[in-house]
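The values are calculated or read from the model by the stated rules, or taken from the named source; none is laboratory data. Just so it is clear, the structure is predicted and the values come from calculations on it, not from any experiment. Backbone-built Cβ (ideal geometry, glycine too); neighbour counts: all protein chains shown. These area figures cover heavy atoms from the full protein model, side chains too; ligands, DNA and RNA do not enter into them. Shrake-Rupley method; radii C 1.70, N 1.55, O 1.52, S 1.80 Å.
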Amino acid sequence: QVQLVESGGGLVQPGGSLRLSCAASGYIFRIKDMGWYRQAPEKERELVATITQTGTTNYADSVKARFTISRDNAKSTVYLQMMSLKPEDTAVYYCHSYHYNGMNYWGKGTLVTVSS
């Protein structure tokens, strides 16, 4: 079993910044891709950003140039640096990992609220 634990969420004013972290623990087979997804109230979960083991990144159009995903393979940790936050970024942010053995896992989520 693999556990993903997110941290770093909270309340921030529009235009502000936050950094999310997600650490994987447990029986960690080689992690292929890691990523962040989010779900706003009454909306479906959507992709925010993903990063491969070799560092190739992919972003949703809505966050390009504002968010940066990175990972530390030695620590099995993925980060999401969020800048110029907007009220529409308010959501529960979930960490996701996809492993070479075909398994994938989700964290429990961390709430990000962008409001003045």
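Computed with the Debye formula from one identical point scatterer per Cα of the stretch 1-63, without solvent, the log10 of I(q)/I(0) at q = 0.14 Å⁻¹ comes to -0.54.
Across the accessible surface of the chain, with the other protein chains kept in place and a 1.4 Å probe, carbon and sulfur atoms take up 50 percent.
Gaussian network model of the chain, Cα springs within a sub-10 Å range: biggest mean-square fluctuation belongs to which of Tyr37, Tyr98, Tyr27? Maximum among the listed residues: Tyr27. Remark: spin-label model distance Ser7-Lys64 equals 3.3 nm, labels positioned 7 Å along the Cα→Cβ axis. Solvent exposure of the chain amounts to 55 Å² per residue of accessible area, where only protein heavy atoms count and the probe is 1.4 Å.
Looking at the chain, what % of the alpha carbon pairs are farther apart than 26 Å?
Working: 965 of 6670 pairs.
It works out to 14 percent of all Cα pairs.
Percent of C-alpha pairs per 5 Å bin in the stretch 66-115, short distances first: 5, 16, 22, 26, 16, 10, 5, 1, 0.
Each label point was placed 7 Å from the Cα along the Cα-to-Cβ direction; for Gln81 and Tyr98 their separation is 2.5 nm.
When the Cα positions of Gly26, His99, Ala65 are compared along the charge dipole of the stretch 10-116, Gly26 comes out farthest toward the positive end, with charges on each C-beta of Lys, Arg, Asp and Glu. When only Cα pairs below 8 angstrom with a gap of at least 6 residues are kept, the chain shows a relative contact order of 37 percent. Label sites at Thr56 and Leu111, each approximated as a point 7 angstrom past Cα along Cα to Cβ, lie 3.7 nm apart. Straight Cα distances below 17 angstrom link Lys64 to the aspartates and glutamates Glu46, Glu88, Asp89, with same-chain residues fewer than 8 positions distant left out.
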